[in-house]
Amino acid sequence: MAEERKQPQTKQPQPKKLTIDEMATFCKRKGFVYQNSEIYGGMSGFFDYGPLGVELKNNIKHEWWKAHVQSRQDVVGIDGSIITHPKVWEASGHVANFTDIMAKCGKCGNSVRADHIVEDKAKVSTTGLYAPQLQELIFKHKVKCPRCGTDALKIAQPFNLMFKTTVGPSEGKEAEAYLRPETAQLIFANFKLVQENARMKLPFGIAQIGKAFRNEISPRDFLFRCREFEQMEIEYFVHPHKVENCPYVDEFSSYEINVLTSEMQKKGGSEHKKMKIKEMLDKKLILPWHAYWLAFEHNWFVGLGAKSENLRIRQHVKEEKSHYATDTWDLEYNFPFGWKELEGISNRSDYDLQQHIKASGKDLGYFDPETSAKVVPHVVAEPSLGVDRTFLVFLFDAYEYDSKRENIVLHLNPKLAPIKVAVFPLLSNKEELVTAAKKIYDELKEDFSCLYDEAGSIGKRYARMDEAGTPFCVTIDFDSLAKHDVTIRDRDSTKQARVKIKELPNILWQLLSGKIDFGNLH
Ligand code: GAP
């Protein structure tokens, strides 16, 4: 039996949460994220990551890959192309089904996403509602066009979210292609090659990180709903006769999560309840593989600093499930605008492989060495996570206004921090201090993402680094020259310790990887 995992605890205080607009302002001011093409008025739904943002985003992707691919023998990765054969999207059902219901204003021609406008203006849930029900709510609650203010909003044709492009110099139908709306289909289309090349035996997963594009009708809430974003996805394949046998689920038996089942929602409830994974399995609320992956994902977030009280899992009600899903649970986060999907984890059964077998006429079956029979594996769980939403979650849960310091402190996990170490000479007008500090910086930057700063008082330099989430600052003073040591200052406690220069890289490495606590330095 698998050994049980320890549940990570979040210990930081719960400060007042920023609004999403305040977070966007903070991100722009510090160089995390900018509106795309801002100098030309911006482009809705597109964002550029700045110097701190690109580092944080890369660190998130690195930690995800490390936990989901590098440290698992049962998962391998791919990197598929963004434009792929249009037949892939016909087979997957995206051409026919990947649509949102749109409402169009008969007066000014403005188009809006029907469910969003009804939820915003009428304050009622639209989960699982179809076009006629949405039209009824628009009439009943006199929902007005947000642009011209008239009552002329009417449900229009469903709007397909895939971006179209043409490939090559011709322009006809045969040159049409789509930008991928999810990375998942590249995994299914390459399933057979990957399984054979990497000699994978069921159960196993194929992972991918990459861009996805959706022509959202109304992109909004900053990075939450964009038109270009990134996904980190796994398709986890299991033998069709063993979909209920998960050898790893015991690792999470006593793991506790906030849970909202479809049954609780059907009874009108919207409040989650704390449950252990074992209780969910005993009550047959979920299949073991599905439970395992939900707990694994939750544990990954909390282990990197997300607050478990801000996370919950919610089962889709029947009407909201995607065309391919037999069961879907979302890992949700308590965003400033409510509990919303952070990661979708669906059971896709053998839907996708069967569709591609039918459409391509190719044998994508798996040869089972035990029975010498060909089978089509089932995807029992598809952890599908957006990088950009993850970026927001780690920023929200790290952000604190420290009234003692009168300054913002980003308590980012050191593994995610964009800058790991900042190096300062105590005074910038003392050449010997500047020379010594630059020498230390030059050595450290070989191994760590580092910043050298000599501008302003030490207090101002600490404050800048607290706002950037830099876990450690190193200061070189006059004693350093005589005693060959420096001061390290800890972002979270503001405590300081003296360490020998020759031991500095090793101590920093241990602090950053969590091998020692700052308190051990005294
Ligand atoms: N392969 C399954 C799939 O793509 P999804 O629930 O549509 O499922 C998965 O998307 C994740 O991708 C979401 O949970 C979210 O984190 C992210 N995502 C989806 N649409 C997004 C958008 N417009 N902007 C930012 N992230 C998005």
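Values for this structure:
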item	result
0 to 90° range, to nearest 10: angle between helix 351-360 axis and the chain longest Cα axis	70 degrees
Protection proxy ranking of 123-133, 21-31 - average other beta-carbon atoms within 10 Å, highest first	21-31, 123-133
For the chain: relative contact order, % (alpha-carbon pairs under 8 angstrom, 6 or more apart)	14 percent
Modelled label reach - GLU454, point 7 Å along Cα→Cβ, region 412-437 residues with backbone N closer than 12 Å	424-437
The chain pair-distance distribution - Cα-Cα, 10 Å bins, rounded %	3, 16, 24, 25, 17, 10, 4, 0
Label-reachable residues, region 443-486, where backbone N falls under 17 Å from a point 7 Å from ARG29's Cα toward its Cβ	460-470
FRET efficiency, LEU161 to ASP442 (Cβ-Cβ, R0 56 Å, nearest 0.05)	0.70
Two-decimal Rg/Rh across region 419-520, once Rg and the Kirkwood Rh are taken from alpha-carbon atoms	0.92
222 nm mean residue ellipticity, helices alone, for the chain (DSSP H n ≥ 4; -39,500 (n - 2.57); rounded to 500)	-8500 deg cm²/dmol
Percentage relative contact order, region 99-160, counting C-alpha pairs under 8 Å, at least six apart	47 percent
Those Cys residues of the chain for which no other cysteine Cβ falls under 4.7 Å	CYS27, CYS226, CYS246, CYS450, CYS473
For region 198-214, 3J(HN,Hα) per residue [Karplus equation, 6.51 cos²θ - 1.76 cosθ + 1.60, θ = phi - 60°, Hz, x = Gly/Pro]	8, 6, 7, 10, 4, x, 7, x, 10, 10, 7, 10, x, 6, 9, 10, 9
Built amide H within the under 5 Å cut-off of PHE163, gap 5+	LEU179, ASN215
Cross-link pairs LYS201/LYS278; LYS87/LYS164; LYS28/LYS321 - those with Cα-Cα distance over 25 Å	LYS201/LYS278; LYS28/LYS321
Acute angle (nearest 10 degrees) that the helix 51-65 long axis makes with the longest principal axis of the chain, alpha-carbon atoms	60 degrees
For region 99-160, size of Cβ-based charge dipole, Lys and Arg +1, Asp and Glu -1, in debye	280 debye
Nearest-ten-degree value, helix 131-140 long axis tilted from longest Cα axis of the chain	70 degrees
Region 22-156: relative contact order as a whole-number percent, Cα under 8 Å and 6+ apart	15 percent
Hits among aspartates and glutamates - C-alpha to C-alpha of LYS211 under 12 Å, sequence gap 8 or more where chains match	ASP79, GLU182, GLU228, GLU230, GLU233, ASP388
Top positive-direction residue, dipole computed over region 419-520 with Cβ charges, set GLY514, ALA437, LEU481	GLY514
Rounded Å value of the spacing that divides the Cα centres of region 344-379 and region 55-134	24 Å
Long-range lysine pairs (8 or more apart or interchain), region 419-520, Cα under 18 Å	20
Given charges at beta-carbon only (K, R positive; D, E negative), |dipole| of the chain in Debye	1020 debye
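Rule-based calculations on the coordinates, nothing more; no lab input. Just so you know, these numbers come straight off a predicted model, no measurement behind them. In this analysis, Cβ positions are derived from the backbone assuming ideal geometry, glycine residues included, and neighbour counts consider all displayed protein chains.
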